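Quick notes on the structure that follows.
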Amino acid sequence: MASSRASSTATKTKAPDDLVAPVVKKPHIYYGSLEEKEREREVFEIEEHISERQAEVLAEFERRKRARQINVSTDDSEVKACLRALGEPITLFGEGPAERRERAMKRLEEARLHKEIPETTRTSQMQELHKSLRSLNNFCSQIGDDRPISYCHFSPNSKMLATACWSGLCKLWSVPDCSLLHTLRGHNTNVGAIVFHPKSTVSLDQKDVNLASCAADGSVKLWSLDSDEPVADIEGHTVRVARVMWHPSGRFLGTTCYDRSWRLWDLEAQEEILHQEGHSMGVYDIAFHQDGSLAGTGGLDAFGRVWDLRTGRCIMFLEGHLKEIYGINFSPNGYHIATGSGDNTCKVWDLRQRRCVYTIPAHQNLVTGVKFEPIHGDFLLTGAYDNTAKIWTHPGWSPLKTLAGHEGKVMGLDISSDGQLIATCSYDRTFKLWMAE
């Protein structure tokens, strides 16, 4: 009895232990280091970039495959006749017969695709563009200096804006928040212009020459993005240099001067390769054709000139303005040129017809700048001393929008390379950014 009682007691004491749940070990959660996460993110971005690149290559391959199905003669004279019928230049700078035939096939393919789009669709697309332009509003206004701002220029990636000031300073601003990134010190007097290299912020290294500027004392300076001081000076001008502009290749730099000439500099060879005279007064503005074969200049003698860079000869004389020409620009279509003048008008010239095709009574005061939309040339932007900038349809040249808000003369303007932003700078010491709602 005693042993049975003891065993039952032992059973009773063990029972609570049997009911206790086993202890479960919590698994160790490993979060990894930030460095590893960053590496994974970089790998993902690289893979994404590669896939985008592959898609672009495949699209280009398909386009060329379709283009090869289009019958184009191998006779170069017939290819030129075809291009002329399409309203295209019969030859481009440095282009051979094979490249010309390829361009003709591409252009015919584009014309075929364009024809497949219904007229109603094209009309609605143009109406949407015009509606977007009419909704443009000033979303950023920034005091840029304590002296007037004479020039502004977007970087090729549209993420920076360069401004030139009468104080002698050039400044780089982030877009779209308009915060100051760099102050470039080197000029001692009024800066006339500052422009980005065509490949800057896209494929050019920050240590290379990314910008060029000019000033009233005849100085022309070259800048990198990693220094606030100039990396080089271009010597040769002794009087005021009004404007500076990069050739589309990025190798050459054009400068306009009050000594009645303009010059072209080869920055790789570090020498002057063209010194062009022809204007009877100072040369104010310069622009290059998108294929790099032509240069256009506007002078204080009220005349414009178009120059063939291969021969150095003037091939077209732009006569019609009553006062000085302060702005000139080529359209992306390759055959329209716009000029802005002290006679308050903007004239549109046709290279094919070799004449002025339209005169826009643009402003109430002298026109300081003209600029075509850089992708398709769908609109024209003008700025003037009446404190406004205006947008005009292309073609048609009817007014779409007046950008009012500056309290002083509009001295410079630009359109971003993606066509989404407009910048204006003024005598009131501010610059403004405009964007559709």
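The values are calculated or read from the model by the stated rules, or taken from the named source; none is laboratory data. The structure displayed is predicted, hence computed values, not measured ones. For neighbour counting, all protein chains shown are included, and Cβ atoms are generated from backbone atoms with ideal geometry for every residue, glycine included. The protein model used for the area step is the full one, side chains on, heavy atoms only, and it has no ligands, DNA or RNA in it. Shrake-Rupley method; radii C 1.70, N 1.55, O 1.52, S 1.80 Å.
Distance cut-off 32 Å, Cα to Cα: go down the list Lys106/Lys221; Lys207/Lys409; Lys106/Lys171; Lys323/Lys432 and report the pairs above it.
Too far apart for the 32 Å limit: Lys106/Lys221; Lys207/Lys409; Lys106/Lys171.
Given a 10 angstrom Cα cut-off, can you work out which residue in Glu56, Glu235, Glu102 is the most mobile in a GNM of the chain?
Glu56
Exposed loop sites here are chymotrypsin sites (Phe, Trp or Tyr not before Pro) in DSSP loop states with at most 10 other C-beta atoms within 10 Å. What is the longest stretch of the chain lacking them?
That would be 32-437.
Put +1 on the Cβ of every Lys and Arg and -1 on every Asp and Glu Cβ in segment 139-436; which of Ile143, Cys178, Ala436 then has its Cα farthest towards the positive end of the dipole?
After comparing all options, I get Ala436.
Would you work out which of Cys425, Gly218, His247 lies farthest towards the positive end of the dipole of the chain? Charges go on Cβ: Lys and Arg +1, Asp and Glu -1.
The Cα lying farthest towards the positive end belongs to Cys425.
Subtracting the Cα-Cα distance from 0.36 nm times the residue separation, let me have the gained length for Ser179 to Lys106 in nm, one decimal.
Roughly 22.0 nm would be gained on extension.
Which of these, Gly340, Gly87, Gly282, has the largest mean-square fluctuation under a Gaussian network model of the chain (Cα springs below 10 Å)?
Gly87
Lys199 accessible area, nearest 10 Å², 1.4 Å probe?
Solvent-accessible area, nearest 10 Å²: 90 Å².
Please check which bits of segment 328-361 a label hung off Thr311 would reach, taking the label as a point 7 Å along Cα-to-C-beta and the cut-off as backbone N under 18 Å.
In segment 328-361, the label zone of Thr311 (backbone N under 18 Å from the point 7 Å along Cα→Cβ) covers 351-355.
Among Gly405, Phe317, Gly96, pick out the residue whose Cα is farthest towards the positive end of the charge dipole of the chain, where Lys and Arg carry +1 and Asp and Glu carry -1 on C-beta, about the Cα centre.
Positive-end residue among those listed: Gly405.
Quick one: dipole size for the chain, taken about the Cα centre, charges +1 on Lys/Arg Cβ and -1 on Asp/Glu Cβ, in debye to the nearest 20.
Computed charge dipole of the chain: roughly 1100 debye.
Give the calculated FRET efficiency between Thr120 and Ala269 to the nearest 0.05, with a Förster radius of 45 Å applied to their Cβ-Cβ distance.
Between Thr120 and Ala269 the formula returns 0.25.
Select one label from (1) -0.41, -0.78, -1.39; (2) -0.42, -0.85, -1.43; (3) -0.37, -0.77, -1.44: the one whose number is log10 I(q)/I(0) by the Debye sum over Cα atoms at q = 0.07, 0.10, 0.14 Å⁻¹ as derived from the coordinates shown.
(1)
Select from Ala111, Ala295, Ala212 the residue whose mean-square fluctuation is largest in a Gaussian network model of the chain (Cα-Cα springs shorter than 10 Å).
Ala111
Using a 1.4 Å probe and ignoring any ligands, DNA or RNA, find the accessible area of Arg185 and quote it in Å² to the nearest 10.
Accessible surface of Arg185 is approximately 140 Å².
Which value in deg cm²/dmol, rounded to the nearest 500, describes the helix-derived mean residue ellipticity at 222 nm for the chain, given -39,500 (n - 2.57) per DSSP H run of n ≥ 4 and division by the residue count?
Numbers: 5 runs with 99 residues, N = 437.
Helix-only estimate at 222 nm: -8000 deg cm²/dmol.
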